[in-house]
Amino acid sequence: MNATRIIRRCRGSVLRLMAFSLALAACGAADDPVAPPPPQPAGWKAALIAGDFREPAFDNAVEAMAAKLAGFGVPRADMTVLEASAVDRSSATVSNIHAAITGLRPGPAEGCFVYVTSHGAKGRGLVIARTQTFLSPEDLDQMLFQGCGDRPTVVIASGCYSGIFAEAPSAAHNRVILTAARDDRPSFGCNASLRYTVFDRCALENIETGLSWTVLMDRVRACVAKNEAELGVAASSDPQLSIGADEASLRVFAH
């Protein structure tokens with residue numbers, strides 16, 4: 001057998017082996033379907049917190065958010081609402097906030113939702129006026145760890161410089177965090193004549209069941225930008241969104 005025939009035979013064998021390998025790969029792909037996304041939480045436990053009483057906008061916002069959640073099918077018994085102007089167990093004190101968040105304890109098929117709206121201070125967190133202190137990202141992280149564990153968790157932190165909550169340690173693999181501003185920017189609308197702050201109003205107007213949190217935040221950002229332009233704001237608050245690796249498919253209060 002001459003060299004040319006040997007080379008041709010070898011080439012034929014290589015081609016047949018390649019075709020066989022491709023066929024096996026195709027069969028393997030057909031037998032290995034893409035894993036479906038994890039199921040949505042069947043229910044939610046919620047803590048809604050207004051941190052400051054100097055304007056009514058914060059209390060107004062948590063009351064409106066409670067009404068939204070009720071419309072989405074979250075029982076009032078599964079919500080804790082703490083208002084800055086309230087007294088006793090309904091007041092937004094540090095101890096009541098700690099008890100509300102650490103006591104969420106969602107079931108194995110449920111998620112956590114925490115909404116905090118207040119004034120904010122750069123590098124400090126959100127104001128808790130009743131006890132003249134701040135809710136910091138470190139505080140919130142520890143409360144969420146105790147109260148929610150690895151369950152899907154959504155946090156809306158509304159206030160000046162609240163972007164700090166979209167960073168470590170608050171950001172985690174099982175958390176979706178929306179904030180009213182960057183960590184170095186104020187937010188707007190803290191005015192006694194306004195029912196809600198700009199971000200809170202935009203969040204309340206646009207939140208709908210079934211949306212992805214990314215789509216919701218896109219809508220909120222557009223709403224905030226429009227309102228800030230009307231107010232003549234020079235530097236946008238630039239609301240932030242953090243989505244943990246485990247919650248890419250999480251939807252807004254979908255079942």
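The values are calculated or read from the model by the stated rules, or taken from the named source; none is laboratory data. These numbers were taken from a predicted model, which means no experiment stands behind them. We place every Cβ from the backbone using ideal geometry, glycine too, and count neighbours over all the protein chains shown.
Any chance the range 165-179 includes a residue that's among the hydroxyl-bearing types (Ser, Thr, Tyr) and more than 18 Å from Ala61 (Cβ to Cβ)? Yes, the conditions are met somewhere in the range 165-179.
For (1) at positive phi; (2) in contact (Cβ under 8 Å) with a residue 12 or more places away in the chain, each residue gets a yes or a no:
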site: Ala61; (1), (2): no, yes
site: Ala67; (1), (2): no, no
site: Gly71; (1), (2): no, no
site: Ala92; (1), (2): no, yes
site: His98; (1), (2): no, yes
site: Arg105; (1), (2): yes, yes
site: Ala109; (1), (2): no, yes
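Scanning the range 161-177 for residues that are part of a loop (DSSP other than H, G, I, E, B) and under 14 Å from Ser136 (Cα atoms) turns up Tyr161, Glu167, Ala168, Pro169, Ser170, Ala171. Filtered by the rule that a residue be within 18 Å of Ala168 (Cα to Cα), part of a loop (DSSP other than H, G, I, E, B) and small (Gly, Ala, Ser), the range 233-247 gives a lone residue, Gly244. Of the helices (runs of 4 or more DSSP H) contained entirely in the range 1-115, those carrying at least 3 residues that are of a type in the set (A, V, I, L, M, F, W, C), modelled with pLDDT of 95 or more and closer than 20 Å to Asp200 by Cα fall at 57-71. Residues that are in a helix (DSSP H, G or I), at pLDDT 95 or above and closer than 21 Å to Gly43 by Cβ do occur in the range 212-224, at least one of them.
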